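Shown next, in structure tokens, is the structure this report addresses.
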Amino acid sequence: MKIFYWNDLQNQKDDFFSATKSGISIGSFDGLHKGHRVLLKTLVENCSKNKWKSGVVTFERPLPSIKHSSDYSGDISTLSQRLSLFESLGIDFVVIADFTEDFASLKGVDFLSLLVKQCNMTFIAEGVDFRCGYKGATDTSAIKYWASQNKVQCKFVNPVFYMEGTDQEERISSSFIRQMVQKSFFTTVCQLLERPYEIDLETIKKIGKCNQVLPADGVYSVKDEKGDICRLKIQNGKIAKAPESKKIVFY
């Protein structure tokens with residue numbers, strides 16, 4: 001899987017895109033939950049059928065951490081975790097963008113047109129409520145119109161629900177998963193993510209802090225990277241004691 005950075009790519013087209021078209025999905029993809037997996041499966045399958053490269057445009061941190069920082073509880077996954085998950089799902093390339101003022105001020109159609117120009121984007125897959133561009137002004141209707149004018153195919157995927165058809169039905173979202181982590185409902189989190197919840201201790205050591213959402217204060221039985229059972233202590237909303245490991249897994 002190839003990794004590109006938006007600031008580099010918008011100024012110069014990489015040779016990777018010279019001989020092939022691409023399909024792209026854009027988003028934070030925090031946690032890469034069940035709904036994201038349905039979306040990316042749609043992307044990969046359409047690209048595979050047409051012999052295009054499949055790609056994702058994502059961000060260093062999930063956008064809510066920037067837009068709603070005052071009440072943001074933390075990331076579900078680090079960038080390193082997300083990149084590994086993208087690769088496991090068959091994504092061919094990832095473009096990492098910084099959500100700077102310049103990026104945020106881009107009109108949606110200008111942003112999409114840059115993806116066509118720099119990445120040979122010919123297909124876009126998104127959720128039905130996707131919006132992009134300055135203040136999220138470019139919605140799916142605007143994208144469909146733009147796509148029809150620029151010979152770009154598009155597909156919008158319906159949301160996925162937890163416990164669908166019951167009185168406890170809940171749309172699967174990153175915010176819902178954060179709530180479940182904070183309540184220590186790790187069986188539910190595992191179902192929503194289709195994998196156990198992990199804390200990336202290696203990234204914490206590199207940046208000197210934990211940006212991931214944590215459960216309530218307490219001592220938890222977890223597994224280290226070798227699968228051995230160990231203890232994790234959370235105190236005052238922070239990791240107070242953790243094993244010497246690259247990651248810990250809640251089970």
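The values are calculated or read from the model by the stated rules, or taken from the named source; none is laboratory data. These numbers come from a predicted model, not from an experiment. A quick note on method: Cβ atoms are made from the backbone with ideal geometry, for glycine too, and the neighbour counts reach across all protein chains shown. Only protein heavy atoms, including side chains, enter the accessible area calculation; ligands, DNA and RNA are left aside. Shrake-Rupley method; radii C 1.70, N 1.55, O 1.52, S 1.80 Å.
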Exercise for the section: Grab the DSSP H runs of the chain that are 4 residues or longer, score each as -39,500 (n - 2.57), total them, divide by all residues and round the 222 nm result to the nearest 500 deg cm²/dmol. Expected result: -9500 deg cm²/dmol
Practice task
Enumerate by residue number the trypsin sites (Lys or Arg not before Pro) in region 163-251 meeting two conditions: DSSP loop (anything except H, G, I, E, B), and at most 16 other Cβ atoms within 10 Å of the site's Cβ.
Solution key: 183, 209, 226, 246
Completion exercise
Among trypsin sites (Lys or Arg not before Pro) in region 96-167, those in a DSSP loop whose Cβ has at most 12 other Cβ atoms within 10 Å are 151
Exercise for the section: Considering only 19, 137, 125, give the residue with the highest GNM mean-square fluctuation for the chain, with springs between Cα atoms whenever their separation is below 10 Å. Expected result: 19
Handout entry: Computed lengthening from residue 11 to residue 155, 0.36 nm per intervening residue step minus Cα-Cα distance
Key = 49.0 nm
Exercise for the section: Using Cα pairs closer than 8 Å and at least 6 residues apart in sequence, work out the relative contact order for region 46-110, in percent. Expected result: 46 percent
Problem - Distance histogram in 10 Å bins (all Cα pairs of region 2-102, percent per bin) - result: 14, 46, 32, 8, 1
Practice task
Normalising by the residue count of the chain, find the relative contact order in percent from Cα pairs under 8 Å and 6+ residues apart.
Solution key: 20 percent
Practice task
Quote the relative contact order of region 58-191 in percent (integer), defining contacts as alpha-carbon pairs under 8 Å separated by 6+ residues.
Solution key: 19 percent
Practice task
Arrange the residues 70, 77, 113 by how much accessible surface each exposes, largest first, with a 1.4 angstrom probe.
Solution key: 70, 113, 77
Completion exercise
For residue 63, the residues 5 or more places away or on another chain with a placed amide H closer than 5 Å to its own amide H are 28
Handout entry: Violating pairs (Cα-Cα greater than 26 angstrom) within the set 135/206; 34/206; 53/246; 107/144; 49/226
Key = 135/206; 34/206; 53/246; 49/226
Exercise for the section: Could I have the simple spin-label model distance between residue 51 and residue 179, label points 7 Å from Cα toward Cβ, reported in nm to one decimal? Expected result: 4.8 nm
Problem - Beta bridges per DSSP with both ends in the chain, % antiparallel, nearest 5 - result: 45 percent
Practice task
First check a/c for region 105-144, with a ≥ b ≥ c the square roots of the eigenvalues of its C-alpha gyration tensor; if it is under 1.5, answer rounded, and if not, answer prolate when a/b is larger than b/c or oblate otherwise.
Solution key: oblate
Handout entry: Dipole magnitude of the chain, debye to nearest 20 (Cβ charges: Lys/Arg +1, Asp/Glu -1, about Cα centre)
Key = 260 debye
Fill in the blank from the handout: Of the candidates 91, 160, 29, the farthest towards the positive dipole end of the chain (Lys/Arg Cβ +1, Asp/Glu Cβ -1, centred on the Cα centre) is 91
Problem - Cα-centred dipole magnitude for region 148-190, charges only on beta-carbon of K, R (+1) and D, E (-1), debye, nearest 20 - result: 340 debye
